[in-house]
Amino acid sequence: SISLLWLRRDLRLSDHAALIAAVAEGPVIPVYILDDDTPKHRRMGGASRWWLHHSLAALDTALRGKGSRLILRRGVAATVLAELAAQTGATRVHCIRHYEPWWRNAERAVAQTLDLVCHDGNYLEPPGSITTGAGQPYKIYTPFWRALSDQMPPPPPAPAPDTIPAPAHWPASDTLAHWQLLPTKPDWAPGFAQEWAPGEAGAQERLADFLPHAGGYDTGRNLPSDELTSRLSPHLHFGEISPATVWHGILAAKGDATVYLKEIAWRDYAQNVIQQYPDYGRANGRPSLDTLAWRSGPEADADLAAWQQGRTGYPIVDAGMRQLWTSGWLHNRVRMITASFLIKHLLIDWRRGEQWFWDCLVDADYGSNTVNWQWVAGTGIDANMFSRIMAPLTQSVKFDAAGYIREWVPELAGLSDETIHDPDAFGRRPRDYPAKIIGHREGRERALAALQRTR
Ligand code: FAD
(Lines give C-alpha, C1' and ligand atoms only; values in the text may rest on other atoms or scores of the structure.)
Protein backbone atom coordinates (compact mmCIF):
# COMPACT_ATOMS: atom_id res chain seq x y z
CA SER A 1 0.00 0.00 0.00
CA ILE A 2 1.07 3.60 -0.65
CA SER A 3 2.40 5.60 2.25
CA LEU A 4 3.31 9.23 2.78
CA LEU A 5 6.73 10.02 4.20
CA TRP A 6 6.28 13.28 6.14
CA LEU A 7 9.68 15.00 6.25
CA ARG A 8 10.57 17.89 8.54
CA ARG A 9 14.00 18.13 10.16
CA ASP A 10 15.09 14.74 8.85
CA LEU A 11 16.21 15.64 5.35
CA ARG A 12 18.36 12.59 4.63
CA LEU A 13 18.05 9.14 3.06
CA SER A 14 20.49 7.15 5.18
CA ASP A 15 19.79 5.98 8.72
CA HIS A 16 16.17 7.06 8.36
CA ALA A 17 13.85 4.66 10.16
CA ALA A 18 10.67 6.19 8.75
CA LEU A 19 11.91 5.89 5.16
CA ILE A 20 12.98 2.28 5.72
CA ALA A 21 9.58 1.38 7.19
CA ALA A 22 7.72 3.11 4.35
CA VAL A 23 9.80 1.40 1.65
CA ALA A 24 9.09 -1.98 3.22
CA GLU A 25 5.35 -1.38 2.74
CA GLY A 26 5.32 -0.36 -0.95
CA PRO A 27 5.24 2.89 -2.94
CA VAL A 28 6.34 5.98 -1.02
CA ILE A 29 5.42 9.63 -1.51
CA PRO A 30 8.00 11.81 0.25
CA VAL A 31 6.50 15.16 1.17
CA TYR A 32 7.82 18.34 2.71
CA ILE A 33 5.20 20.81 3.92
CA LEU A 34 6.20 24.43 4.42
CA ASP A 35 4.06 25.15 7.45
CA ASP A 36 4.32 28.68 8.84
CA ASP A 37 1.02 28.44 10.70
CA THR A 38 1.56 25.55 13.08
CA PRO A 39 4.73 26.97 14.73
CA LYS A 40 3.19 30.49 14.89
CA HIS A 41 5.89 32.93 16.19
CA ARG A 42 8.37 30.03 15.98
CA ARG A 43 8.21 29.91 12.19
CA MET A 44 11.67 29.41 10.74
CA GLY A 45 13.94 32.45 10.74
CA GLY A 46 15.65 33.96 7.72
CA ALA A 47 18.91 32.03 7.91
CA SER A 48 17.09 28.71 8.41
CA ARG A 49 14.95 29.41 5.36
CA TRP A 50 18.09 29.94 3.28
CA TRP A 51 19.36 26.56 4.48
CA LEU A 52 16.02 24.86 3.95
CA HIS A 53 15.85 25.95 0.30
CA HIS A 54 19.19 24.37 -0.52
CA SER A 55 18.61 21.30 1.61
CA LEU A 56 15.27 20.55 -0.09
CA ALA A 57 16.84 20.99 -3.53
CA ALA A 58 19.59 18.54 -2.56
CA LEU A 59 17.08 16.06 -1.16
CA ASP A 60 14.98 16.12 -4.33
CA THR A 61 18.09 15.38 -6.38
CA ALA A 62 19.04 12.49 -4.08
CA LEU A 63 15.49 11.10 -4.21
CA ARG A 64 15.47 11.25 -8.00
CA GLY A 65 18.64 9.18 -7.98
CA LYS A 66 16.60 6.48 -6.22
CA GLY A 67 13.63 6.63 -8.61
CA SER A 68 11.59 8.90 -6.36
CA ARG A 69 11.03 12.65 -5.91
CA LEU A 70 10.09 15.22 -3.31
CA ILE A 71 6.55 16.60 -3.22
CA LEU A 72 6.36 20.15 -1.88
CA ARG A 73 3.21 21.57 -0.34
CA ARG A 74 2.43 24.63 1.70
CA GLY A 75 -0.10 24.96 4.54
CA VAL A 76 -1.05 23.51 7.89
CA ALA A 77 0.67 20.12 8.04
CA ALA A 78 -2.29 18.14 9.40
CA THR A 79 -4.64 19.53 6.75
CA VAL A 80 -2.19 19.08 3.89
CA LEU A 81 -1.43 15.48 4.86
CA ALA A 82 -5.16 14.66 5.01
CA GLU A 83 -5.64 16.18 1.53
CA LEU A 84 -2.66 14.31 0.13
CA ALA A 85 -3.82 11.00 1.59
CA ALA A 86 -7.24 11.51 -0.02
CA GLN A 87 -5.70 12.47 -3.38
CA THR A 88 -3.24 9.58 -3.54
CA GLY A 89 -5.04 6.78 -1.71
CA ALA A 90 -2.19 6.59 0.80
CA THR A 91 -3.23 4.66 3.86
CA ARG A 92 -0.43 5.47 6.24
CA VAL A 93 1.95 8.28 7.15
CA HIS A 94 5.46 7.60 8.39
CA CYS A 95 7.57 10.26 10.11
CA ILE A 96 10.48 10.79 12.45
CA ARG A 97 9.18 12.01 15.79
CA HIS A 98 9.93 15.68 16.62
CA TYR A 99 9.93 17.30 20.05
CA GLU A 100 9.20 20.96 19.42
CA PRO A 101 5.86 21.56 21.16
CA TRP A 102 4.18 22.65 17.92
CA TRP A 103 5.27 19.47 16.14
CA ARG A 104 4.06 17.32 19.00
CA ASN A 105 0.67 19.02 18.70
CA ALA A 106 0.73 18.52 14.94
CA GLU A 107 1.57 14.82 15.35
CA ARG A 108 -1.44 14.46 17.65
CA ALA A 109 -3.66 16.27 15.16
CA VAL A 110 -2.48 14.08 12.24
CA ALA A 111 -3.00 10.91 14.27
CA GLN A 112 -6.65 11.83 14.82
CA THR A 113 -7.51 11.40 11.16
CA LEU A 114 -4.68 9.31 9.67
CA ASP A 115 -2.68 6.22 10.54
CA LEU A 116 0.52 7.99 11.66
CA VAL A 117 3.59 5.96 12.59
CA CYS A 118 6.32 7.96 14.39
CA HIS A 119 9.87 6.61 14.42
CA ASP A 120 12.94 7.64 16.40
CA GLY A 121 16.36 8.42 15.03
CA ASN A 122 17.04 12.15 15.22
CA TYR A 123 18.55 11.73 18.70
CA LEU A 124 20.88 9.25 20.37
CA GLU A 125 18.01 8.16 22.60
CA PRO A 126 14.39 9.34 22.40
CA PRO A 127 14.15 12.55 24.50
CA GLY A 128 12.44 11.87 27.82
CA SER A 129 13.31 8.17 27.74
CA ILE A 130 16.48 8.39 29.85
CA THR A 131 15.23 8.54 33.42
CA THR A 132 16.47 8.56 37.00
CA GLY A 133 16.04 5.60 39.34
CA ALA A 134 12.71 7.17 40.32
CA GLY A 135 11.60 7.12 36.68
CA GLN A 136 11.86 10.92 36.19
CA PRO A 137 13.60 12.51 33.20
CA TYR A 138 16.82 14.35 34.12
CA LYS A 139 16.98 18.10 34.63
CA ILE A 140 20.74 18.49 34.99
CA TYR A 141 23.22 17.71 32.23
CA THR A 142 25.95 15.74 34.05
CA PRO A 143 23.76 12.94 35.46
CA PHE A 144 21.90 12.91 32.15
CA TRP A 145 25.19 12.35 30.31
CA ARG A 146 26.18 9.53 32.67
CA ALA A 147 22.90 7.73 32.14
CA LEU A 148 22.94 8.34 28.38
CA SER A 149 26.50 7.12 27.93
CA ASP A 150 25.52 3.86 29.67
CA GLN A 151 23.19 3.25 26.70
CA MET A 152 25.84 4.02 24.07
CA PRO A 153 26.95 3.29 21.44
CA PRO A 154 23.79 3.73 19.40
CA PRO A 155 22.95 1.01 16.84
CA PRO A 156 25.14 1.33 13.72
CA PRO A 157 23.53 3.61 11.12
CA ALA A 158 21.38 1.94 8.47
CA PRO A 159 22.31 2.60 4.82
CA ALA A 160 19.96 4.44 2.43
CA PRO A 161 17.63 2.12 0.46
CA ASP A 162 18.94 1.28 -3.05
CA THR A 163 15.68 2.31 -4.63
CA ILE A 164 12.50 3.89 -3.35
CA PRO A 165 9.33 2.47 -4.92
CA ALA A 166 7.30 5.17 -6.70
CA PRO A 167 3.51 5.45 -6.95
CA ALA A 168 1.89 5.02 -10.39
CA HIS A 169 0.90 8.73 -10.31
CA TRP A 170 2.67 11.53 -8.54
CA PRO A 171 0.52 14.18 -6.87
CA ALA A 172 1.08 17.83 -7.81
CA SER A 173 3.97 19.65 -6.17
CA ASP A 174 4.80 23.31 -5.58
CA THR A 175 8.07 24.55 -6.99
CA LEU A 176 10.76 25.55 -4.56
CA ALA A 177 11.35 28.90 -6.26
CA HIS A 178 7.74 29.93 -5.55
CA TRP A 179 8.31 29.57 -1.82
CA GLN A 180 10.80 32.44 -1.93
CA LEU A 181 12.89 31.08 0.90
CA LEU A 182 16.00 32.88 -0.31
CA PRO A 183 16.61 36.53 0.55
CA THR A 184 16.24 38.93 -2.37
CA LYS A 185 16.41 42.65 -1.62
CA PRO A 186 18.92 42.89 -0.10
CA ASP A 187 20.61 39.51 -0.44
CA TRP A 188 22.22 39.28 2.99
CA ALA A 189 23.42 35.73 2.44
CA PRO A 190 26.30 35.84 -0.06
CA GLY A 191 28.64 34.71 2.74
CA PHE A 192 26.50 31.66 3.49
CA ALA A 193 27.21 29.87 0.23
CA GLN A 194 30.95 30.23 0.77
CA GLU A 195 30.73 28.52 4.12
CA TRP A 196 28.02 25.92 3.72
CA ALA A 197 26.88 23.06 1.50
CA PRO A 198 23.40 22.17 2.78
CA GLY A 199 22.13 18.64 2.15
CA GLU A 200 23.08 15.09 3.01
CA ALA A 201 26.13 14.96 0.73
CA GLY A 202 27.38 18.23 2.24
CA ALA A 203 26.89 16.81 5.73
CA GLN A 204 28.84 13.64 4.92
CA GLU A 205 31.60 15.72 3.40
CA ARG A 206 31.74 17.97 6.46
CA LEU A 207 32.08 14.94 8.72
CA ALA A 208 34.75 13.41 6.50
CA ASP A 209 36.69 16.70 6.50
CA PHE A 210 36.47 16.94 10.28
CA LEU A 211 37.53 13.40 11.19
CA PRO A 212 41.24 13.76 10.38
CA HIS A 213 41.33 16.87 12.63
CA ALA A 214 39.18 15.44 15.39
CA GLY A 215 42.30 14.77 17.46
CA GLY A 216 42.77 18.53 17.96
CA TYR A 217 39.20 19.02 19.16
CA ASP A 218 39.74 18.39 22.86
CA THR A 219 42.29 21.16 23.27
CA GLY A 220 41.27 23.43 20.40
CA ARG A 221 37.49 23.52 20.57
CA ASN A 222 37.43 26.64 22.75
CA LEU A 223 39.66 28.72 20.47
CA PRO A 224 37.52 30.63 17.99
CA SER A 225 40.50 31.42 15.72
CA ASP A 226 41.37 27.81 15.09
CA GLU A 227 38.25 26.40 13.39
CA LEU A 228 38.69 23.09 15.16
CA THR A 229 35.05 22.26 15.76
CA SER A 230 33.04 20.13 13.38
CA ARG A 231 30.49 22.73 12.17
CA LEU A 232 27.99 19.94 11.86
CA SER A 233 25.30 21.80 13.82
CA PRO A 234 23.10 22.93 10.91
CA HIS A 235 23.41 19.52 9.26
CA LEU A 236 22.38 17.83 12.51
CA HIS A 237 19.60 20.34 13.07
CA PHE A 238 18.06 19.68 9.65
CA GLY A 239 18.58 15.96 10.08
CA GLU A 240 20.86 15.69 7.06
CA ILE A 241 23.02 13.34 9.07
CA SER A 242 21.95 11.23 12.04
CA PRO A 243 23.69 11.58 15.41
CA ALA A 244 24.38 7.83 15.31
CA THR A 245 26.32 8.31 12.07
CA VAL A 246 28.40 11.06 13.66
CA TRP A 247 28.92 9.00 16.83
CA HIS A 248 30.22 5.96 14.98
CA GLY A 249 32.30 8.07 12.60
CA ILE A 250 34.08 9.85 15.45
CA LEU A 251 34.61 6.70 17.46
CA ALA A 252 36.20 4.93 14.50
CA ALA A 253 38.45 7.90 13.71
CA LYS A 254 39.50 8.88 17.18
CA GLY A 255 39.33 6.07 19.71
CA ASP A 256 38.69 8.05 22.89
CA ALA A 257 36.20 10.61 21.72
CA THR A 258 34.56 11.42 25.04
CA VAL A 259 34.99 15.20 24.84
CA TYR A 260 33.30 15.39 21.46
CA LEU A 261 30.60 12.88 22.32
CA LYS A 262 29.73 14.88 25.44
CA GLU A 263 28.98 17.84 23.17
CA ILE A 264 26.77 15.79 20.89
CA ALA A 265 25.00 14.69 24.06
CA TRP A 266 24.20 18.35 24.86
CA ARG A 267 22.01 18.28 21.80
CA ASP A 268 20.09 15.32 23.25
CA TYR A 269 19.97 17.00 26.66
CA ALA A 270 18.40 20.14 25.16
CA GLN A 271 15.58 18.08 23.60
CA ASN A 272 15.17 16.29 26.89
CA VAL A 273 14.57 19.70 28.52
CA ILE A 274 12.00 20.97 26.02
CA GLN A 275 10.28 17.60 26.15
CA GLN A 276 9.70 18.34 29.86
CA TYR A 277 9.27 22.12 29.55
CA PRO A 278 7.63 22.80 26.18
CA ASP A 279 7.35 26.53 26.97
CA TYR A 280 11.09 26.90 27.61
CA GLY A 281 11.40 29.57 24.91
CA ARG A 282 9.23 31.90 26.99
CA ALA A 283 9.14 30.75 30.60
CA ASN A 284 12.14 30.98 32.92
CA GLY A 285 13.14 27.57 34.23
CA ARG A 286 13.80 29.37 37.53
CA PRO A 287 10.60 31.33 38.32
CA SER A 288 12.37 33.20 41.15
CA LEU A 289 13.94 35.31 38.38
CA ASP A 290 10.58 36.29 36.85
CA THR A 291 10.74 39.60 38.71
CA LEU A 292 14.17 40.55 37.35
CA ALA A 293 13.84 44.07 35.92
CA TRP A 294 15.28 43.81 32.41
CA ARG A 295 16.00 47.12 30.76
CA SER A 296 13.48 48.27 28.18
CA GLY A 297 12.63 51.44 26.26
CA PRO A 298 14.52 53.40 23.59
CA GLU A 299 17.93 53.24 25.27
CA ALA A 300 17.77 49.49 25.70
CA ASP A 301 16.51 49.18 22.11
CA ALA A 302 19.51 51.16 20.88
CA ASP A 303 21.85 48.93 22.88
CA LEU A 304 20.17 45.84 21.46
CA ALA A 305 20.72 47.20 17.95
CA ALA A 306 24.39 47.91 18.70
CA TRP A 307 24.80 44.32 19.90
CA GLN A 308 23.01 42.93 16.84
CA GLN A 309 25.18 44.97 14.50
CA GLY A 310 28.49 44.32 16.25
CA ARG A 311 29.05 47.91 17.48
CA THR A 312 29.44 47.43 21.25
CA GLY A 313 33.10 48.48 21.47
CA TYR A 314 34.01 45.03 22.81
CA PRO A 315 36.03 43.48 19.96
CA ILE A 316 35.27 39.84 20.80
CA VAL A 317 31.54 40.57 21.04
CA ASP A 318 31.52 42.57 17.82
CA ALA A 319 33.54 39.93 15.95
CA GLY A 320 31.01 37.31 17.03
CA MET A 321 27.94 39.29 16.09
CA ARG A 322 29.39 40.09 12.66
CA GLN A 323 30.35 36.48 12.06
CA LEU A 324 26.78 35.49 12.95
CA TRP A 325 25.30 37.97 10.48
CA THR A 326 27.71 37.10 7.68
CA SER A 327 27.87 33.33 7.92
CA GLY A 328 24.77 32.28 9.89
CA TRP A 329 26.90 30.53 12.49
CA LEU A 330 28.94 31.33 15.55
CA HIS A 331 31.60 29.50 17.52
CA ASN A 332 30.25 28.07 20.80
CA ARG A 333 32.64 30.02 23.05
CA VAL A 334 31.66 33.22 21.28
CA ARG A 335 27.95 32.35 21.52
CA MET A 336 28.45 32.23 25.29
CA ILE A 337 30.38 35.51 25.39
CA THR A 338 27.95 37.45 23.20
CA ALA A 339 24.88 36.05 24.96
CA SER A 340 26.31 36.77 28.39
CA PHE A 341 27.18 40.32 27.30
CA LEU A 342 23.62 41.03 26.19
CA ILE A 343 22.05 39.53 29.28
CA LYS A 344 24.42 40.75 31.98
CA HIS A 345 26.32 43.79 30.68
CA LEU A 346 23.36 45.25 28.81
CA LEU A 347 20.73 43.75 31.14
CA ILE A 348 18.50 42.91 28.18
CA ASP A 349 16.04 40.03 28.43
CA TRP A 350 17.56 36.77 27.20
CA ARG A 351 14.43 36.17 25.13
CA ARG A 352 15.30 39.12 22.87
CA GLY A 353 18.76 37.68 22.24
CA GLU A 354 17.38 34.21 21.71
CA GLN A 355 15.01 35.65 19.09
CA TRP A 356 17.88 37.30 17.23
CA PHE A 357 19.85 34.05 17.17
CA TRP A 358 16.69 32.26 16.06
CA ASP A 359 16.51 34.51 13.02
CA CYS A 360 20.23 34.58 12.22
CA LEU A 361 21.54 31.05 12.88
CA VAL A 362 21.49 28.38 10.19
CA ASP A 363 21.41 25.85 13.06
CA ALA A 364 18.64 27.68 14.99
CA ASP A 365 17.06 24.95 17.07
CA TYR A 366 14.24 25.40 19.57
CA GLY A 367 15.81 23.03 22.11
CA SER A 368 19.48 23.95 21.76
CA ASN A 369 18.90 27.69 21.46
CA THR A 370 16.52 28.14 24.37
CA VAL A 371 18.39 25.75 26.66
CA ASN A 372 21.73 27.44 26.01
CA TRP A 373 20.30 30.95 26.36
CA GLN A 374 18.67 30.04 29.66
CA TRP A 375 21.90 28.36 30.74
CA VAL A 376 23.93 31.52 30.05
CA ALA A 377 21.24 33.68 31.67
CA GLY A 378 21.15 31.50 34.77
CA THR A 379 17.36 31.42 34.46
CA GLY A 380 17.28 27.72 33.54
CA ILE A 381 16.41 24.54 35.37
CA ASP A 382 20.10 23.61 35.43
CA ALA A 383 22.65 24.68 38.02
CA ASN A 384 24.13 27.78 36.38
CA MET A 385 23.57 31.04 38.29
CA PHE A 386 22.71 34.54 37.04
CA SER A 387 25.49 35.93 39.23
CA ARG A 388 28.12 34.15 37.13
CA ILE A 389 29.16 36.99 34.82
CA MET A 390 31.65 36.41 32.04
CA ALA A 391 34.34 39.02 31.56
CA PRO A 392 34.48 39.44 27.78
CA LEU A 393 37.92 41.05 27.65
CA THR A 394 39.52 38.37 29.82
CA GLN A 395 37.80 35.65 27.80
CA SER A 396 39.12 37.19 24.60
CA VAL A 397 42.71 36.99 25.86
CA LYS A 398 42.29 33.58 27.46
CA PHE A 399 40.90 32.03 24.29
CA ASP A 400 43.42 33.73 22.07
CA ALA A 401 40.89 35.51 19.90
CA ALA A 402 43.24 38.02 18.21
CA GLY A 403 43.17 36.30 14.82
CA TYR A 404 39.43 35.85 15.07
CA ILE A 405 38.89 39.54 15.80
CA ARG A 406 41.12 40.53 12.89
CA GLU A 407 39.05 38.40 10.57
CA TRP A 408 35.69 39.87 11.55
CA VAL A 409 36.44 43.43 12.67
CA PRO A 410 38.54 44.91 9.86
CA GLU A 411 38.76 48.31 11.64
CA LEU A 412 41.00 46.58 14.21
CA ALA A 413 43.04 44.46 11.81
CA GLY A 414 46.11 46.65 12.24
CA LEU A 415 46.33 46.20 16.03
CA SER A 416 48.81 43.91 17.77
CA ASP A 417 47.91 40.67 19.57
CA GLU A 418 48.29 42.53 22.82
CA THR A 419 46.15 45.60 22.13
CA ILE A 420 43.41 44.15 19.93
CA HIS A 421 41.30 42.68 22.76
CA ASP A 422 40.81 46.07 24.42
CA PRO A 423 42.10 48.90 22.21
CA ASP A 424 40.72 51.60 24.56
CA ALA A 425 42.91 50.43 27.42
CA PHE A 426 46.02 51.05 25.28
CA GLY A 427 44.80 54.29 23.70
CA ARG A 428 44.74 52.46 20.36
CA ARG A 429 41.07 52.62 19.41
CA PRO A 430 40.73 53.61 15.74
CA ARG A 431 38.35 56.48 15.09
CA ASP A 432 35.96 54.30 13.07
CA TYR A 433 35.56 51.79 15.92
CA PRO A 434 32.99 52.61 18.67
CA ALA A 435 33.85 53.28 22.31
CA LYS A 436 32.65 50.70 24.83
CA ILE A 437 28.90 50.84 25.17
CA ILE A 438 29.30 50.30 28.93
CA GLY A 439 32.29 49.67 31.18
CA HIS A 440 32.85 46.11 32.35
CA ARG A 441 32.64 46.90 36.04
CA GLU A 442 29.67 49.22 35.61
CA GLY A 443 27.76 46.57 33.63
CA ARG A 444 28.59 43.90 36.14
CA GLU A 445 27.47 45.98 39.08
CA ARG A 446 24.22 46.97 37.39
CA ALA A 447 23.44 43.30 36.70
CA LEU A 448 24.19 42.21 40.24
CA ALA A 449 22.10 45.06 41.64
CA ALA A 450 19.17 43.95 39.46
CA LEU A 451 19.60 40.42 40.78
CA GLN A 452 19.68 41.73 44.34
CA ARG A 453 16.33 43.46 43.85
CA THR A 454 14.66 40.15 42.95
CA ARG A 455 15.43 38.83 46.42
P1 FAD B 1 30.97 20.95 17.80
O2 FAD B 1 31.79 21.48 18.90
O3 FAD B 1 31.68 20.30 16.68
O4 FAD B 1 29.93 19.94 18.47
C5 FAD B 1 29.31 18.88 17.77
C6 FAD B 1 27.80 18.96 17.85
O7 FAD B 1 27.37 18.83 19.19
C8 FAD B 1 27.24 20.27 17.37
O9 FAD B 1 27.12 20.27 15.97
C10 FAD B 1 25.90 20.31 18.08
O11 FAD B 1 24.92 19.55 17.39
C12 FAD B 1 26.20 19.62 19.39
N13 FAD B 1 26.47 20.62 20.44
C14 FAD B 1 27.68 21.09 20.82
N15 FAD B 1 27.55 21.95 21.86
C16 FAD B 1 26.23 22.02 22.13
C17 FAD B 1 25.46 22.74 23.10
N18 FAD B 1 26.01 23.55 24.02
N19 FAD B 1 24.11 22.57 23.08
C20 FAD B 1 23.52 21.75 22.19
N21 FAD B 1 24.20 21.06 21.27
C22 FAD B 1 25.54 21.19 21.23
N23 FAD B 1 23.41 24.79 18.89
C24 FAD B 1 22.52 24.49 17.93
O25 FAD B 1 22.66 23.47 17.27
N26 FAD B 1 21.46 25.32 17.66
C27 FAD B 1 21.26 26.48 18.34
O28 FAD B 1 20.27 27.18 18.08
C29 FAD B 1 22.20 26.83 19.35
N30 FAD B 1 22.07 28.00 20.04
C31 FAD B 1 23.01 28.32 21.01
C32 FAD B 1 22.87 29.51 21.73
C33 FAD B 1 23.80 29.87 22.71
C34 FAD B 1 23.62 31.15 23.48
C35 FAD B 1 24.87 29.00 22.99
C36 FAD B 1 25.87 29.33 24.07
C37 FAD B 1 25.01 27.81 22.30
C38 FAD B 1 24.09 27.45 21.31
N39 FAD B 1 24.22 26.24 20.58
C40 FAD B 1 23.29 25.93 19.61
C41 FAD B 1 25.22 25.23 20.96
C42 FAD B 1 26.59 25.31 20.26
O43 FAD B 1 27.11 26.60 20.32
C44 FAD B 1 26.55 24.84 18.81
O45 FAD B 1 25.89 23.61 18.70
C46 FAD B 1 27.97 24.68 18.27
O47 FAD B 1 28.68 25.89 18.36
C48 FAD B 1 27.91 24.23 16.84
O49 FAD B 1 29.19 24.18 16.27
P50 FAD B 1 29.86 22.79 15.87
O51 FAD B 1 28.90 22.00 15.06
O52 FAD B 1 31.17 23.11 15.27
O53 FAD B 1 30.03 22.12 17.30
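The values are calculated or read from the model by the stated rules, or taken from the named source; none is laboratory data. The model shown is predicted, which means the values in this text are computed figures rather than measured ones. Backbone-built Cβ (ideal geometry, glycine too); neighbour counts: all protein chains shown.
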With over 26 Å from Y260 (Cα atoms) and not assigned by TED's automatic domain parsing to the domain that holds N332 as the only criterion, which of W145, W179 stands out?
W179
Could you figure out which of (1) under 30 Å from A283 (Cα atoms); (2) more than 29 Å from the chain's Cα centre (by Cα); (3) crowded, with 17+ Cβ neighbours inside 10 Å isn't true of D422?
(1)
Within segment 153-175, considering residues that are loosely packed, with under 14 Cβ neighbours inside 10 Å and aliphatic (A, V, I, L, M), the one nearest to L70 (Cα to Cα)
A172
Would you confirm whether or not segment 106-116 contains a residue that is touching a strand residue (DSSP E or B) at 6+ places or on another chain (Cβ under 7 Å) and of a type in the set (K, R)?
no
Can L412 be described as surrounded by fewer than 23 Cβ atoms within 10 Å (Cβ to Cβ) and farther than 30 Å from H237 by Cα?
yes
Going through segment 106-140 one residue at a time, which ones are under 15 Å from I96 (Cβ atoms), over 22 Å from the mean Cα position of the chain (by Cα) and assigned to a helix (DSSP H, G or I)?
V110, A111
Hey, G249 hits all of (1) surrounded by fewer than 22 Cβ atoms within 10 Å (Cβ to Cβ); (2) farther than 28 Å from K139 by Cα; (3) in contact with a Phe, Trp or Tyr (Cβ under 6 Å, 6 or more places away or on another chain) but one; which does it fall short on?
(3)
Among the charged types (D, E, K, R) and more than 17 Å from S225 (Cα to Cα): is that true of R406 in this structure?
no
What residue, among those in segment 320-336 that are near the ligand (Cβ under 9 Å from one of its atoms) and in a helix (DSSP H, G or I), is surrounded by the fewest Cβ atoms within 10 Å (Cβ to Cβ)?
N332
Checked R69, R9, R73 against criteria (part of a strand (DSSP E or B), of a type in the set (D, E, K, R), touching a helix residue (DSSP H, G or I) at 6+ places or on another chain (Cβ under 8 Å) and in contact (Cβ under 8 Å) with a residue 12 or more places away in the chain); the one match is R73
Subset of segment 234-272 that is more than 7 Å from the ligand (Cβ to nearest atom) and of a type in the set (D, E) - its residue that is nearest to W329 (Cα to Cα):
E240
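Each row is one residue, and each column tells you yes or no for (1) buried (at least 18 other Cβ atoms within 10 Å of the Cβ); (2) in a loop (DSSP other than H, G, I, E, B).
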{"site": "A177", "(1), (2)": "no, no"}
{"site": "P183", "(1), (2)": "no, yes"}
{"site": "P198", "(1), (2)": "yes, yes"}
{"site": "S225", "(1), (2)": "no, no"}
{"site": "H235", "(1), (2)": "yes, no"}
Quick check on my filter: what residues within segment 169-195 are out of contact with any helix residue (DSSP H, G or I) (no Cβ under 7 Å at 6 or more places or on another chain) and closer than 30 Å to D400 by Cβ?
W188, P190, A193, Q194
Within the set of pairs 6+ apart or on separate chains, which have a first residue in segment 222-246 that is in contact (Cβ under 8 Å) with a residue 40 or more places away in the chain and of a type in the set (F, W, Y), a second that is more than 9 Å from the ligand (Cβ to nearest atom) and assigned to a helix (DSSP H, G or I), and C-beta atoms under 7 Å apart?
F238/W51; F238/S55
Is it the case that G215 is more than 12 Å from the ligand (Cβ to nearest atom), in contact (Cβ under 8 Å) with a residue 24 or more places away in the chain and out of contact with any Leu (no Cβ under 8 Å at 6 or more places or on another chain)?
yes
Among the residues of segment 184-211, which ones are more than 20 Å from the chain's Cα centre (by Cα) and modelled with pLDDT of 90 or more?
A208, D209, L211
Can you pull out every residue in segment 130-146 that is surrounded by fewer than 18 Cβ atoms within 10 Å (Cβ to Cβ) and touching a strand residue (DSSP E or B) at 6+ places or on another chain (Cβ under 8 Å)?
T131, P137
